[in-house]
């Protein structure tokens with residue numbers, strides 16, 4: 001989920017700006033797991049906060065990176081510049097179709113208006129003279145003794161080497177990054193997870209995961225050059241998209257991908273990135289050509305090895321956890337070589353983009369799936385390729401977009417959408433997708449209900465309406481079908497997802513919304529009786545939320561939330577229910593380089609099925625979306641202190657306290673007692 005409000009706390013602004021950031025992050029995060037790293041998704045906003053984007057000279061790609069503007073607004077701004085010349089003030093945006101004061105207020109911290117182009121030239125002397133350096137150091141630890149770190153006898157450990165972690169309980173993160181405007185970037189990232197060794201044993205080099213990159217943008221005809229670790233995003237994500245991409249959110253218009261091409265990789269996800277070299281070039285006025293090559297080791301669960309050399313001959317799936325804390329987990333680390341080569345060519349003509357993407361994969365061992373019916377059409381073997389064509393066309397108040405792709409086995413997947421602005425106060429979104437059950441893609445991230453772009457047909461309809469000055473309504477309905485079996489769903493199935501959200505913003509200091517969401521999905525009954533058939537049934541989940549944020553003084557902002565969850569299986573009359581009540585306090589004294597963020601929450605759920613996920617503020621570039629389950633309370637506190645201009649320090653303490661448990665966690669992470677506490681400290685130095 002991007003960055004918390006503390007990410008952008010260096011400048012004191014209208015509190016609605018921080019509300020926007022938190023809301024944007026939370027909308028994306030609540031549909032993801034707890035461990036997703038959103039650094040690369042939101043670091044552009046962090047950069048634009050300190051180096052505002054010039055609206056008089058920004059192109060469509062740069063404007064899309066603000067994450068605030070749709071293609072209608074971007075096209076309208078560019079038309080306005082062409083027709084009337086450069087903007088004299090940011091408030092002139094009120095005369096541009098699709099812009100209003102609430103949107104302009106959101107944009108204020110991230111944009112500027114200059115009359116002269118201040119784009120810097122690449123000059124080695126100036127790069128080192130005016131470039132900026134950021135160094136992050138972070139330490140995280142769960143307090144209390146976890147089972148994986150508890151004492152064990154030598155005999156017991158010899159009998160079961162995986163019974164304890166090899167390393168220390170600290171999670172250590174370090175990141176260095178050099179930037180010169182948005183033209184040059186170079187950096188290094190290292191991470192050691194809790195339980196992994198550090199400068200000893202299996203990790204004599206230090207960090208378990210290390211990443212580095214050098215990236216240069218816009219030198220003559222060369223649009224981009226990336227060496228080291230990078231990401232590649234093309235089209236709607238159906239053919240090739242490395243890294244994280246958002247799913248369905250409360251922003252009902254947010255169903256269109258904006259493939260920005262190549263970006264440096266600065267996150268700590270150990271799988272969803274490319275390692276090698278990539279470059280993009282402008283060819284004439286209309287064409288841009290991108291080529292990329294990646295060669296890296298990936299983590300897999302090996303299923304067959306050579307009896308003499310112990311080389312991996314086959315693997316059953318990719319291991320995405322990133323943990324290497326025990327001898328067993330270390331066996332999965334980097335045991336397969338993955339090579340990817342591909343390219344993208346784009347044709348641009350005013351409001352029309354057409355792209356062609358191709359990518360081929362080669363693995364040093366064969367993927368061999370387990371002999372389960374739901375794996376019948378999954379990718380198996382050592383190689384695969386995908387090729388696809390994407391388009392984006394803005395015509396008046398219509399925005400057509402989509403992508404169609406083919407995998408090596410001939411299977412086809414397609415997604416096509418439309419954004420329709422009937423009125424400045426009323427916009428609709430439509431998305432139709434059809435992913436063949438045997439379509440095979442490794443790096444795919446198109447909008448879908450499932451986590452992968454296979455075996456799915458669906459129709460999405462969304463709407464955003466602003467009937468009154470202070471009121472906005474967002475709603476969507478998505479219905480899908482899985483033509484073939486899925487994991488834990490032993491039959492073709494259907495489902496739907498619907499959301500209604502009403503926002504009321506009577507002033508700059510007060511913002512509230514109500515949300516209702518309903519999801520219907522299929523899942524096996526989970527019967528353990530050998531005489532019964534484990535057939536799928538529909539499960540219904542209903543979510544109710546009321547959220548109120550308001551400022552009571554120039555230094556204090558409060559946020560209240562009540563949320564309820566209901567869960568029911570079709571073969572049961574019982575509703576499993578849960579609720580969450582929370583109070584947030586944001587304190588930022590004037591003239592003192594300190595900020596304080598606190599939360600106290602009470603929760604009670606009948607089961608894990610009725611759990612509630614809630615986004616939490618955290619230190620810069622760290623992310624927290626824990627599941628509130630069982631019965632208890634949650635407290636966290638973040639202190640941010642800037643002792644001098646170029647130094648920032650964060651301290652965070654968080655604790656779950658359960659009323660119905662005598663231990664927390666499970667397996668190796670189990671802690672005796674009803675409380676589970678975490679401590680985090682982070683330091684950033686800029687020079």
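A few points about this structure:
- Residue in region 540-562 that is surrounded by fewer than 17 Cβ atoms within 10 Å (Cβ to Cβ), within 30 Å of residue 133 (Cα to Cα) and modelled with pLDDT of 95 or more present: no
Yes or no, residue by residue, for (1) under 30 Å from residue 406 (Cβ atoms); (2) crowded, with 22+ Cβ neighbours inside 10 Å; (3) touching a helix residue (DSSP H, G or I) at 6+ places or on another chain (Cβ under 8 Å):
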site	(1), (2), (3)
195	no, yes, yes
199	no, no, no
218	no, no, no
242	yes, yes, no
250	no, yes, yes
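- Scanning region 561-614 for residues that are within 20 Å of residue 551 (Cβ to Cβ) and touching a residue at least 60 places away in the same chain (Cβ under 8 Å) yields a count of 5.
- The sole residue among 246, 178, 234, 173 that is farther than 25 Å from residue 357 by Cα and crowded, with 18+ Cβ neighbours inside 10 Å is 173.
- Test: residue 578 is surrounded by 17 or more Cβ atoms within 10 Å (Cβ to Cβ), over 24 Å from residue 141 (Cα atoms), touching a strand residue (DSSP E or B) at 6+ places or on another chain (Cβ under 6 Å) and modelled with pLDDT of 95 or more: yes
- Among the residues of region 64-110, those identified as in contact (Cβ under 8 Å) with a residue 60 or more places away in the chain and more than 23 Å from the chain's Cα centre (by Cα) are 72, 75, 97, 98, 100, 102, 105, 108.
- Unique match (being surrounded by fewer than 18 Cβ atoms within 10 Å (Cβ to Cβ), outside any loop (DSSP other than H, G, I, E, B) and out of contact with any helix residue (DSSP H, G or I) (no Cβ under 8 Å at 6 or more places or on another chain)) among 428, 476: 428
- The set of residues in region 614-633 that are surrounded by fewer than 20 Cβ atoms within 10 Å (Cβ to Cβ) and not in a loop (DSSP other than H, G, I, E, B) comprises 624, 627, 631, 633.
- Members of region 388-423 that are over 25 Å from the mean Cα position of the chain (by Cα), in contact (Cβ under 8 Å) with a residue 60 or more places away in the chain and in a strand (DSSP E or B): 394, 421
- Residue in region 481-490 that is surrounded by fewer than 17 Cβ atoms within 10 Å (Cβ to Cβ) and closer than 29 Å to residue 561 by Cβ present: no
- Residues satisfying the stated conditions in region 201-225, i.e. farther than 18 Å from residue 267 by Cβ and part of a loop (DSSP other than H, G, I, E, B): 201, 202, 204, 205, 206, 220, 221
Okay, residues lined up against (1) in contact (Cβ under 8 Å) with a residue 40 or more places away in the chain; (2) part of a strand (DSSP E or B); (3) closer than 30 Å to residue 438 by Cα; (4) in contact with a helix residue (DSSP H, G or I) (Cβ under 8 Å, 6 or more places away or on another chain):
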{"site": "454", "(1), (2), (3), (4)": "yes, no, yes, no"}
{"site": "462", "(1), (2), (3), (4)": "yes, yes, yes, no"}
{"site": "472", "(1), (2), (3), (4)": "no, yes, no, no"}
{"site": "494", "(1), (2), (3), (4)": "no, yes, yes, no"}
{"site": "502", "(1), (2), (3), (4)": "no, yes, no, no"}
{"site": "506", "(1), (2), (3), (4)": "no, yes, no, no"}
{"site": "512", "(1), (2), (3), (4)": "no, yes, no, no"}
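- Residue in region 118-135 that is over 24 Å from residue 212 (Cα atoms) and in contact with a helix residue (DSSP H, G or I) (Cβ under 8 Å, 6 or more places away or on another chain) present: yes
- Some residue of region 301-313 being under 24 Å from the mean Cα position of the chain (by Cα) and modelled with pLDDT of 90 or more: no
- Within region 443-456, the set of residues being surrounded by fewer than 19 Cβ atoms within 10 Å (Cβ to Cβ) and touching a strand residue (DSSP E or B) at 6+ places or on another chain (Cβ under 7 Å) comprises just one member, 450.
The values are calculated or read from the model by the stated rules, or taken from the named source; none is laboratory data. What you see is a predicted model; the values in this text were computed from it and never measured. Here the Cβ is made from the backbone with ideal geometry for all residues, glycine too, and neighbour counts use every protein chain on show.
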